[in-house]
Amino acid sequence: RRDPNIRILVADDNADMRKYLDGLLGVRWSVETVTDGRSALAAARERRPSLIVTDVMMPGMDGFALLKELRNDPATRGVPVILLSARAGEEARVEGLQAGADDYVVKPFTARELLARVAARLDVHRLGSRLEESEERLRLALEASGMVAWSWDLRTGAVTHSENATHVLGLAKEANVSETFFHVHPDDVKHLQQVVQRAIQSRGEYQVDFRTIRADNGKIVWLHNRGRVECDAQGEPIRVTGTTTDINERKRAEEANALLANIVDSSDDAIISKSLEGTI
C-alpha cells in the first residue's frame, strides 16, 4: 500500500538508475529525484524529506559531501540517509557509517534488498521520533508539576536527574549519591537514609518528606521523595528510580497554620484564666 506522506529524495547522476529507483520506491512512497548532491541538499532544505537515498560517486558534490552538509545543518541533521556505492567490503561500509550514513548498500543490489533497507530505516526513524515526542511531553509535564524524575544506580552510585533538576532542586543532571545526600538537611539525613535502606532491603517502595539545602542559593526547601527498587534476574537490587517534588509551599502553609493554631490556643487559655480569676 502506497503512503504518499512518506517522501523519499533520490540523488544519482545516472538517468537509468534514477528512473529505476523512482519506479521501485514510488510503488510504496512518494519519490523526488535529483541529479547531484548539491541539488539534493537544496531540495532537502526547502522541504525536509522522510529519507534520502544517494549515490556516493557524483560530480560536484558527491554522496559523502552531501552527507556532511546534511549532518551539519540542524534542519536536516536527523534525516535518515542510505548511501549507494559500487565499493564493496567491510572497510567501505564502515567508512560510510562513520561518516554519518544510516545504511550502506552495495551495487548491484536486488529490489527486495533495497525495499527492505528503506522500510527498516523509515521504521527506525518513526520510532525514534515517537520516543523524542514522548520524552518532550514528559519533560513538559515534569516542569509544570515541579517534579524531578531520577534514577540511582546502586552498583556505581551514579544518580541521573531529569533536565529540570537544576531549576527545581539546584542539582546537576548527573551526580553521585554522596553529592545528592550532601545537600539533604543534616537533621533529615539519617531518617531519609533509613527509609531508603529499608526499601532496598525489602525490594519495595517508599515515600518520605525531607528538607534539602539548595546547592545554588543555600535556601532550605521541603521535598517529597517517592522511590521504587528495581532488581536483576537474580532478585538483587540494582537500581532505585523515582520522583522528587517540591512541597515547600505546602509545608510552609502547614507550619503557618500550626503556629496560628498555637497562638489562638494560647489566647483562649489566657482569656479563660483571666475569667476564672474574676470569679475567685
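Observations on the structure shown:
- Residue-span extension gain [V208 to E90] - 0.36 nm each, minus C-alpha spacing: 37.0 nm
- Charged side chains reduced to their Cβ positions (Lys and Arg at +1, Asp and Glu at -1) give the chain a dipole of some 820 debye around its Cα centre.
- Computed [θ] at 222 nm, deg cm²/dmol, the chain (DSSP H ≥ 4; -39,500 (n - 2.57); rounded to nearest 500): -16000 deg cm²/dmol
- Spatially close lysines, pair count over the chain: Cα under 29 Å, gap of eight or more or interchain: 9
- On Cα atoms only, tilt of 186-202 relative to the major axis of the chain in degrees: 60 degrees
- Protection proxy ranking of 211-223, 56-68 - average other beta-carbon atoms within 10 Å, highest first: 56-68, 211-223
- Fully extending the segment from I238 to H167, taken as 0.36 nm per residue of separation minus the present Cα-Cα distance, adds 22.8 nm.
- Calculated FRET efficiency, A215 to L154, Cβ-Cβ distance, R0 = 25 Å: about 0.65 to the nearest 0.05.
- Portion, in percent, of the accessible area of the chain that falls on carbon or sulfur, probe 1.4 Å: 52 percent
- Accessible surface, 1.4 Å probe, highest first, among residues H125, H161, H183: H125, H183, H161
- Between 0 and 90°, nearest 10: helix 63-72 axis offset from the chain longest Cα axis: 20 degrees
- With protein chains left intact and a 1.4 Å probe, residues in the chain average 59 Å² of accessible area per residue.
- With both residues required to sit in the chain, DSSP beta bridges show an antiparallel share near 65%.
- Computed over the range 13-131: relative contact order in percent, which uses C-alpha pairs under 8 Å that are six or more apart: 21 percent
- Classified by the C-alpha gyration tensor, the chain has a prolate form. Its axis ratio a/c, with a ≥ b ≥ c, is 1.5 or above, and a/b is larger than b/c.
The values are calculated or read from the model by the stated rules, or taken from the named source; none is laboratory data. None of the values given here were measured: they were computed from a predicted structure. Counting neighbours? That spans all protein chains shown, and the Cβs are built from the backbone with ideal geometry, glycine included. Ligands, DNA and RNA are stripped out before the accessible areas are found, and what is left, the full protein with its side chains, is counted by its heavy atoms. Shrake-Rupley method; radii C 1.70, N 1.55, O 1.52, S 1.80 Å.
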